[in-house]
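The values are calculated or read from the model by the stated rules, or taken from the named source; none is laboratory data. None of these values were measured; they are calculated from a predicted model. Note: ideal-geometry Cβ built from the backbone for every residue, glycine included; neighbour counts use all protein chains shown.
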Amino acid sequence: MHNDIKALEKRIADLQSRISYYELAEQRTRHVQHKLDSQVEMLTHIHEYTQRALHEHDMHMLSEIIAEGVVGVFQVECGAVFTIDPLGDRYILDGSCNLDTPGLELSLCETWLKQYEIVSFKKHKVYVESPVPEDSPWASLGFVHAVFVPVINIERKCEAIILGGVTAQNKAFYDFDATEIASSFMVYCQQMNGIYNNLISLEKANRAAKEKTIFLTNLSHEMRTPLNAIIGMLHMYMKNRGTHEVEKEIQQIEVSSKFLVNLINEILDISKIEEGVFVLDREGFDLKSVVEDVYGSLAQTANAKKQVVTLDFGNLRNFALIGDATRLSQVLINLVSNAIKFTPQNGKIEIVCRELVKGDDRILIKFAVKDDGIGIAPGALTDIFVPFKQAENNITKKYGGTGLGLAISQRIVNLMGNEIRVESELGVGSSFEFSVWFEIDKDVWVDDETEGKSEAAGLAGKRLLVVDDVDINREIVCFMLGHMGIATEQAENGQEAVEMVKASPEGYYDMVLMDVQMPVMDGYTATKEIKAMDRQDVVELPIIAMTANAFREDVEQALKSGMKAHIKKPIEEKVLYETLSKMRQ
């Protein structure tokens, strides 16, 4: 009996031991499950903040999201993103959560910098300070616990710091355990590191594109101003006192100057096309005049090579159209000048315009430029429309050119809704063709030389105020206007122009030609001040922008300021006459 009781007690003790073991195993299982659930929840939160960050395009707001995620995901009191000063001796607060100190700057202790190699991290790593030492920058935030990871850019340099921390004031409310959050904190920071670097790269690219546009605008202005003086003075010299021999030399200088202007325009055009800001105009024009002007502008070059250039309008009868005549002319000039360039002495070039389809309101016109020149090798046909590339490496050396003309022409025709197609055979010649839809101008618009002269004659006796800070520019314009019988007065800046208009009797000035970039007061401001005068005559006074700023946005800004039209430098006599004639009407 006694033995049975002992055996029973032993079995009971064994069962109790097993129960304790299973209870401990269950407890451990629950603990592991809790940790796994916590990890899943943490990773879910990391994913949510990552998605928010991916859709943000502002650096400061991205830093705010990252800092908010530090607090929301890892249950620490404060989160922050500090950028590093270029000198590497200060941290600048860019985004924060529960840190009400915008623009905060922290000076960095040298011993602390050396300890962590903060300026030249070699790899991503979680850094923990618990407790925070006195020489740590986080001590000045009141942190007693801190965890942080460097944001490393593509150059392997530290761009910023992602920080989480707990202050002494609230440490009792936070169970800070660095070993618990270190691995997940690293995952979070690596995700944000990639997004942060991508946005930095995007901002740098946008900034570079903007700087490029500004540079090209300034380049255009700085180069056009002296060119305007050169072309204008040549124009004056040829009209007044040039002998036949001197005229020929001056004509060559004029051609070279205009070539340089054209090169500047091509560089600006390809830049605007690449940035997506190239827009076509919509104005009435006479197609026959446009094509004949293209022919006339290149006839001298063709005649020098004894080439025969023919115009063929075929069945085309509708010449009054609506579209961008300037860009159409640019395409045709590029195609015809290439044909002249690559066609030998005594060659033949044909400019063809054909009506393909005609409706009540619009018409489809086919353009073709054909030559019997050197032709293009089949393998090079795909390269001729690539910017800065030409069919063969020796083309530039032998014939000159930048390789921009055809690239720009193709992009312009693309914007018009079609493409330039080319057929060519080496030693036989080439044919470039494209088709464009135009609106039919029901109000027939004609612009021939006779009409232009009669309009110019109608300007005789008018008085214009010419405003420009460059003496030679004013002299050139006044010379051109003098040949039209127009009286002129001059102002050196916008402020002087405002004072002259204010002091003049009503109706004294018929028009104002206004430069834009001037010292003392610019043309836009001067125009607004003139238009604001309490006089009916200045309200209706046509003010015309006369500037080297040739971008479309410059034209729009001129019109918004109250100007009626825009003339681009270098000023062409024909354009000046036409613009003034329209203002007179």
Original post:
Counting only residues that are modelled with pLDDT under 50, farther than 23 Å from residue 333 by Cα and β-branched (Val, Ile, Thr), how many does region 428-464 have?
Top reply: 1
**OP:** May I ask you to list the residues in region 314-347 that are touching a strand residue (DSSP E or B) at 6+ places or on another chain (Cβ under 6 Å) and within 27 Å of residue 427 (Cα to Cα)?
**Re:** 335, 336, 339, 343
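Quick check on residue 362: is it out of contact with any Leu (no Cβ under 8 Å at 6 or more places or on another chain) and charged (D, E, K, R)? Even if it seems obvious, please write down each step before you answer.
Details: out of contact with any Leu (no Cβ under 8 Å at 6 or more places or on another chain): yes; charged (D, E, K, R): yes.
So residue 362 fits the description; yes.
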Original post:
Among the numbered criteria (1) assigned to a helix (DSSP H, G or I); (2) at pLDDT 90 or above; (3) surrounded by fewer than 22 Cβ atoms within 10 Å (Cβ to Cβ), which single criterion is violated by residue 330?
Top reply: (2)
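Which residues, taken from region 310-327, are of a type in the set (S, T, N, Q) and either part of a helix (DSSP H, G or I) or more than 14 Å from residue 365 (Cβ to Cβ) (or both)?
So the first thing to find is which residues in region 310-327 are of a type in the set (S, T, N, Q), and the list is 310, 315, 318, 326.
Result: 310, 326.
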**OP:** Report yes if residue 320 is in contact (Cβ under 8 Å) with a residue 12 or more places away in the chain, in the same structural domain as residue 434 (by TED's automatic domain parsing), closer than 20 Å to residue 436 by Cα and in contact with a helix residue (DSSP H, G or I) (Cβ under 7 Å, 6 or more places away or on another chain), otherwise no.
**Re:** no
Subject >> Output for region 267-292, where each listed residue is among the charged types (D, E, K, R) and either modelled with pLDDT of 85 or more or not in a helix (DSSP H, G or I) (or both) >> reply: 281, 282, 283, 286, 288, 292
Original post:
Inside region 153-182, can you point out the residues that are modelled with pLDDT of 85 or more and touching a Phe, Trp or Tyr at 6+ places or on another chain (Cβ under 7 Å)?
Top reply: 160, 161, 162, 163, 164, 165, 166, 167
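A quick yes/no check of all residues on (1) closer than 26 Å to residue 574 by Cα; (2) surrounded by fewer than 18 Cβ atoms within 10 Å (Cβ to Cβ); (3) of a type in the set (A, V, I, L, M):
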{"position": "284", "(1), (2), (3)": "yes, yes, no"}
{"position": "308", "(1), (2), (3)": "no, yes, yes"}
{"position": "357", "(1), (2), (3)": "no, yes, yes"}
{"position": "371", "(1), (2), (3)": "no, no, no"}
**OP:** Determine if region 115-131 includes at least one residue that is out of contact with any strand residue (DSSP E or B) (no Cβ under 6 Å at 6 or more places or on another chain), at pLDDT 85 or above and of a type in the set (Ser, Thr, Tyr).
**Re:** no
**OP:** Sort through 393, 418, 414 and tell me the only one that's polar (S, T, N, Q) and either modelled with pLDDT under 50 or outside the structural domain of residue 365 (by TED's automatic domain parsing) (or both).
**Re:** 393
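Okay, residues lined up against (1) among the basic types (Lys, Arg); (2) outside any loop (DSSP other than H, G, I, E, B); (3) modelled with pLDDT of 90 or more:
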{"position": "513", "(1), (2), (3)": "no, yes, yes"}
{"position": "526", "(1), (2), (3)": "no, yes, yes"}
{"position": "529", "(1), (2), (3)": "no, yes, yes"}
{"position": "533", "(1), (2), (3)": "no, no, yes"}
{"position": "545", "(1), (2), (3)": "no, yes, yes"}
{"position": "559", "(1), (2), (3)": "no, yes, no"}
{"position": "562", "(1), (2), (3)": "no, no, yes"}
{"position": "570", "(1), (2), (3)": "no, no, no"}
{"position": "577", "(1), (2), (3)": "no, yes, no"}
